[in-house]
Amino acid sequence: MNASPFDIGLYRQHLHHLQGEWEAALEALGADVAVLPSGIAAMYFQDDQAPPFHPNPHFARWLPGRDCEGSVLVVRPGAPAKLHFLGGDDYWHMPPTLPEWAADNLDVARHTDADDLASAISTELAGCKRPVLAGPADALDLNLRPHDVNPKEFTARLHYARAYKTDFELDRMRAASAAGAAGHIAARDAFLGGGSEFEIQLAFLAGSSQVTSELPYPSIVALGEHAGILHYQHYDRGRPNDTRSFLIDAGARADGYHSDITRTYTATPGDDFDELVQALDEKQQAMVAQVRPGMTYVDLHVRMHQEVADLLVRFDFVRCSAEAAFDLKLTDAFFPHGLGHLLGLQTHDVGGQFGAPDGTVTEPPERFPSLRLTRNIEPGQVFTVEPGLYFIPMLLDAIEERDAVNWVKVESFMRCGGIRIEDNVAVEADGVENLTRPAFAALEEAAS
Ligand code: GLY
Ligand code: MN
Ligand code: MN
């Protein structure tokens, strides 16, 4: 997809920031150079076809975009990053092309042959004391000692640091949010027009200007009870007769950076499902508004369970108090996933459970093992806030306190599958920037 062009000044600042970050990581390890292969898409088993190429995220952070298969970066203290760019002639495929902004800001050596590129790297490393590899080990044979291939403490430090976005990264995530919101609006309209899951997905792709291989993750396009399958992966071709609801979890990329957005709609505005959607939406927005540095994400998750307990009482799904619904773990059956995760070059971005740069893990509470984010909340982080409330037979069947649930009411919502509302938020010094809501608002305003 063609995201809005980025500001070169922001990119330069970003490179400067990365240089400092990588120099510190190399120094902490006692290494003097890092080699970052972008990677090569491996063929399917006994086939001559490969899945879409996804660059090594360490590499992609320096050189945003995907048109870089087989290229390699060399990062060392006190020198600009060196890009060994693999181009060349090809009449089967369009060869990678080096953007001007990359040529202008990195020290570039161009290669047309992968073996020449590999030997240039070996020559470059000849005088180095301790080179380390950060990326797919099979992309380049450097004959390194195993503990210098993605050293654990080195990777942990880089992954920990990746949670804090630079202004360039925030700008790209705003662009990814804008593209994702455009896709969502097109998808919503396709739903309201009676479209099938397949037709809605096509509308999302067109609206966000993406082909399937460019998506940050496979869109979840779920009509009715399919919304109760958390990562529902099909796109039914048939138009259902009496769809009551629609959940779409779909995002976009801008220069490698992801958005991850979920919305839920009713087919019949003003019905009881619509009221539940609005109520969860209000809880989600209230939670986002409360986020401040100094909190922990675990606290937010627990608080959202208490809010879901409140909804279970308010909408008469349970026959007990909200405190009891929480204490009896009834909320776990209705809200069975984590409140969110870090977001960036990966949809579930790395380092979400690191309590310190050395990679010490902060485990999630025993009750919530699927919580991907346990970090203290700090400025610069970008994460999702995505509460859900679902009607999933498998989980409801397992509830032991049968008398605590109003099964008639629950049954009447089963055909709606469930609700999830997901925004992407960037933490600031005294609050948050919601990246998602303004993207929708700008499009709605332009359309009105
Ligand atoms: N789209 C996957 C997730 O929300 O985590
Ligand atoms: Mn999502
Ligand atoms: Mn998510």
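Since every read-out is calculated from the coordinates, none of them should be taken as a lab result. Everything quoted here is computed from the prediction, not taken from an experiment. With ideal geometry, Cβ positions are generated from the backbone for all residues, glycine too; neighbour counts draw on all protein chains shown.
Placing unit charges on each Cβ (+1 for Lys and Arg, -1 for Asp and Glu) gives the chain a dipole about its Cα centre, and among ALA79, GLY340, ASN241 the Cα reaching farthest toward its positive end belongs to ALA79.
With K and R counted +1 and D and E -1, the other residues having a Cβ less than 14 Å from that of GLU21 yield a net charge of +2.
Classify region 98-179: rounded, prolate or oblate, from the alpha-carbon gyration tensor (a ≥ b ≥ c, eigenvalue square roots; a/c under 1.5 rounded; otherwise prolate if a/b is larger than b/c)?
Because a/c hits 1.5 or more and a/b fails to exceed b/c, region 98-179 counts as oblate.
In terms of its C-alpha gyration tensor, region 1-151 has an oblate overall shape, because the principal axis ratio a/c (a ≥ b ≥ c, square roots of the eigenvalues) is not below 1.5 and a/b does not outweigh b/c. Between region 407-448 and region 177-238, the C-alpha centres lie 15 angstrom from each other. The ranking of CYS68, CYS128 from fewest to most other beta carbons within 10 Å of each one's beta carbon is CYS128, CYS68. For LYS409, the aspartates and glutamates whose Cα falls under 12 Å of its own Cα, not counting residues fewer than eight places away in the same chain, are ASP272, ASP316. Say the cut-off is 28 Å between C-alpha atoms; which of LYS165/LYS283; LYS129/LYS165; LYS82/LYS152; LYS165/LYS329 go over it? Going by Cα-Cα distance, LYS129/LYS165; LYS165/LYS329 fall outside the 28 Å limit. Over all other residues within a Cβ to Cβ distance under 12 Å of ILE8, the charged ones net out to -3, with Lys and Arg as +1 and Asp and Glu as -1. Within the shell of other residues whose beta carbon sits under 12 angstrom from the beta carbon of ALA252, the net charge comes to 0, with Lys and Arg scored +1 and Asp and Glu -1.
If you take every DSSP beta bridge whose two residues both sit in the chain, what share of them, in percent to the nearest 5, is antiparallel?
80 percent
Would you please classify the overall shape of region 331-426 from the alpha carbon gyration tensor, given that a ≥ b ≥ c denote the square roots of the eigenvalues, rounded means a/c under 1.5, and beyond that prolate means a/b larger than b/c while oblate covers the rest?
Prolate is the answer for region 331-426, as a/c is 1.5 or above and a/b outweighs b/c.
With a 10 Å Cβ neighbour count serving as the proxy for reagent exposure, in which order, fewest first, do TYR257, TYR235, TYR11, TYR91 appear?
In order of increasing Cβ crowding within 10 Å: TYR91, TYR235, TYR11, TYR257.
Fully extending the segment from SER209 to GLU282 would add 23.3 nm, taking 0.36 nm per residue of separation and subtracting the current Cα-Cα distance. Region 73-91 and region 271-311 have their alpha-carbon centroids 46 Å apart. Across the chain, counting alpha-carbon atoms alone, Rg and Dmax equal 23.7, 74 Å. For the chain, build the charge dipole from Cβ charges (+1 Lys, Arg; -1 Asp, Glu) around the Cα centre, then report which of PHE59, PHE383, PHE154 sits farthest towards its positive end. Going by the Cα projections, it comes out as PHE154.
For region 156-286, the spherically averaged projection of the C-alpha convex hull amounts to 9.3 nm².
Structural descriptor for the chain: relative contact order 16 percent, calculated from alpha carbon pairs under 8 angstrom and at least 6 residues apart.
Its Cα centre serving as origin, the chain has a Cβ charge dipole (Lys and Arg +1, Asp and Glu -1) of approximately 400 debye. Between GLY20, GLY39, GLY380, where does the largest GNM mean-square fluctuation fall for the chain, given springs only between Cα atoms within less than 10 Å? Most flexible of the set in this elastic network: GLY20. Computed over the chain with a Gaussian network model linking Cα atoms closer than 10 Å, the most mobile of TRP101, TRP92, TRP62 is TRP92. What the phi angles of region 142-154 give under the Karplus curve with 6.51, -1.76 and 1.60, with θ = phi - 60°, is a coupling list of 9, 6, 7, 5, x, 7, 9, 9, 6, x, 4, 5, 5 Hz, glycine and proline written as x. Near the amide H of ASN406, within less than 5 Å, lie the amide hydrogens of VAL318, ARG319, all on another chain or at least 5 residues away, with H placed in the peptide plane.
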